[in-house]
1. Bin width 5 Å, origin at 0, all Cα-Cα pairs of the stretch 511-591: what percent of pairs per bin?
2. Using θ = phi - 60° and the Karplus form 6.51 cos²θ - 1.76 cosθ + 1.60, what ³J(HN,Hα) does each residue of the stretch 508-524 get, whole Hz, x for Gly and Pro?
3. What net charge is computed for the residues neighbouring Val518, neighbours being all others with C-beta under 14 Å from the C-beta of Val518, Lys and Arg scored +1, Asp and Glu -1?
4. Do the alpha carbons of any pairs in Lys293/Lys390; Lys602/Lys631; Lys117/Lys346; Lys152/Lys277; Lys557/Lys679; Lys390/Lys482 sit beyond 22 Å of each other, and which pairs?
5. Measure of size requested: the Rg and Dmax of the stretch 402-507, with Cα atoms as the atom set and Å as the unit; please supply both.
6. Net charge within 10 Å of Ile457 by Cβ-Cβ distance, Lys/Arg positive one each and Asp/Glu negative one each, not counting Ile457 itself?
7. Mind checking the per residue accessible area of the stretch 523-709 for me, 1.4 Å probe, whole number of Å²?
8. Using θ = phi - 60° and the Karplus curve 6.51 cos²θ - 1.76 cosθ + 1.60, what whole-Hz ³J(HN,Hα) does each residue of the stretch 531-536 get, with Gly and Pro shown as x?
Amino acid sequence: EDSDKSSAESDSETEVEQVSGYHKLLATLKTSPESESEEEEDESESEEAEESEAEMDSEGSQETGGAEGGEEDKNDVPEEEEATDTAEQIVSQEQADGTDTSCDPRHGVIEEFTDVKHESEFSLETNFMEEESGDCNADKRDSNPFKQHMDKEFEDKEIEKMSTLPKTSSQSQWPRLGQLIFSSTLEKFKTLKADKEVDVKQLHLHKPLESTWPKVNKQFLSSVDKPSNSPFTPLQRELFCIMNSYRDLFYPERNALTNGEEIRHAYCLHALNHILKANAQVLSNNTKRRDRKPGSDTDDYRDQGLTRPKVLMIVPFRECALRIVHTFINLLEVNDKKKIDVSNKKRFKGEFGSDPEEKPPNLKRPEDYEAIFAGNIDDHFRIGVAILQKSMRLYAPFYSSDIIIASPLGIRTVIGAEGEKKRDFDFLSSIEILIIDQADIYLMQNWEHVLHLMKHINLLPLDSHGVDFSRVRMLNLNNWSKYYRQTLLFSTLQDPQINSVFNKHCFNYVGQVAVRNVPLSGSISHVVVQLPHVFRRLEAESVTSVIDSRFQFFIDKVLPEYRDAIMSHTLIYVPSYFDYVRLRNYFKKEDLNFTHICEYTKKAAVCRARRFFLKGEKQFLLFTERFHFYKRYTIKGIRNLIFYELPTYSHFYSEICNMLKATDSGVDATWTCTVLYSKYDAQKLAAVVGIDRTAQMLQSKKNVHLFVTGEN
């Protein structure tokens, strides 16, 4: 909320003169004696924290985490004097360099930079198709998936049928993707079959992509794939087969370590292919309109939406946006001699790139953590990209962009909330492809931003924004855009909230495809310590009541067993922040001996809590999942584990359990692990214990005892 508020206030300031004036004023301020003493106290406290962390972890892996995820640090409110000093240093340095500070993210972005110099060069209305490009007739082929999808016409009765009737579904087994669920409200759209071999020429790729894609993608092709001369990996081939059919897709098996970049390249190819075809159609029609005879019918040239942006890509961090843009550039450059013109490229690299020296060399984290939090992990950004023939324009104004790349927070601060004076979501009115990558990370950020976006996409714009209505497709004028929008959703896991977005906010007339593979073995098999696991089932009447039922079950049945001093060193793992606050308040009310760590806890307080827990001065430690996601600290001194709810990420279960081996006390016989679950946790339970055990546990209402020896 603070972040949204500050961003909204920053966006309301529109004059560059105010920026420089404000920082000049800050540069003249001097730190007061009181603030100096406060600053000294803060410094001594942080030094004490670093010393105690060094004592607790000889590897040095718990030192300052400013460059390793930084979520906790982002939420800390900076001291006034620190902000003042930073402003003084930045302003003095930039005044000496003579650089423009109006868009630097370090300043809190008071006025966002947009490229206004190249407006005419990238305008779809005033440019024409280059004759030598040979693309004028590229989209006339009847088998072209783009033309087939966008030119499909419906009657009002068919649209009403799609919005009211339930979907029919069917299953299919594909070699690489596994079990697929095809669903659609229109019965005539049959199940898609996987292509065993793919010829690039049969995919109807736009002209430059046919030659550039094999070169760009060769890094992912193994020796197994190369003999077939296929430009796709087996995974990419099946994913692109679905993408190119313009069906909605939900793929919940994305892995940052293994297939993350493969998937990114595949959807970048699809998005860029769509943009090039759409723009080629507009430019070709511009040429025809210019050469037409006076008085001829103009209804043949409906080739646009109500606003220009056609592709929206939602990614969690700036590093992801950087890789996407680099992929676009590589796909557009035919060879080293034919480089494309990219405006504002240097600025983009400066704002979205990262300094490799920023990361401390002694940090040790799991491989998946290193892969997710690589590069620039700022989660508040948005950028418009315009592509026209052989040029790319970065930082294009949204209404002059073809592609918008943004984080959920970045797009949320533009959309605004009801009642706010400055808000805008008209640019989302004609989105034809929505790509949400790494959706699971948004559960750790703020899922409400994703829901807010889905409520404001494909709505009729409040303003015309200078559109030529004679060129607008009838589907857009009839407010049927959402039935033509393709949604591509990629996640590491299956979660009810992600499933809900796919099931309730995707209306594509072609239908939806969801990958639904069940986990045969759970993450419990990766627990290496000998530990008895007790899964305690709680009963709840509905999904909404399970929150209260879990709390009541915990304080009535579970907590009394751990109140005794013998059951000390008990860590309570809490996935939901709201449950964490509720438990913390209850523990305070009951005057229990506990400490707590969450994603908003300052580093010094985290260090104290870990020290108290290790030495046994505090019996309980409340520990949030989001803190573990962003920090991955090893908590020492655990003897008893309580999973208040099953983890969102299944591998967190084994990671937390394996923390017990960090306690070299020789009392492993007294270790315990208790897990609370209900019938509504079937997906999470299957990811932890496997599908077979899950079926048995859900049928039985008794508690389940499992003993893991480290081998099975």
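The values are calculated or read from the model by the stated rules, or taken from the named source; none is laboratory data. Quick caveat: nothing in here was measured; it's all calculated off a predicted structure. A quick note on method: Cβ atoms are made from the backbone with ideal geometry, for glycine too, and the neighbour counts reach across all protein chains shown. The accessibility values were calculated without ligands, DNA or RNA, using every heavy atom of the protein model including side chains. Shrake-Rupley method; radii C 1.70, N 1.55, O 1.52, S 1.80 Å.
1. Histogram of Cα-Cα distances, whole percents per bin: 3, 9, 15, 20, 16, 17, 10, 5, 3, 2, 1, 0.
2. Ordered by residue, 3J(HN,Hα) equals 3, 5, 6, x, 10, 10, 10, 7, 10, 8, 9, x, 6, 10, x, 6, 4 Hz.
3. +1
4. Lys293/Lys390; Lys390/Lys482
5. Looking at the stretch 402-507, its Cα Rg and Dmax stand at 14.5, 45 Å.
6. Numbers: positive: Lys455, Lys482, Arg485; negative: none.
Summing Lys and Arg as +1 and Asp and Glu as -1 gives +3.
7. Per residue, the stretch 523-709 has an accessible area of 41 Å².
8. Values per residue, Gly and Pro as x: 8, x, 10, 10, 9, 9 Hz.
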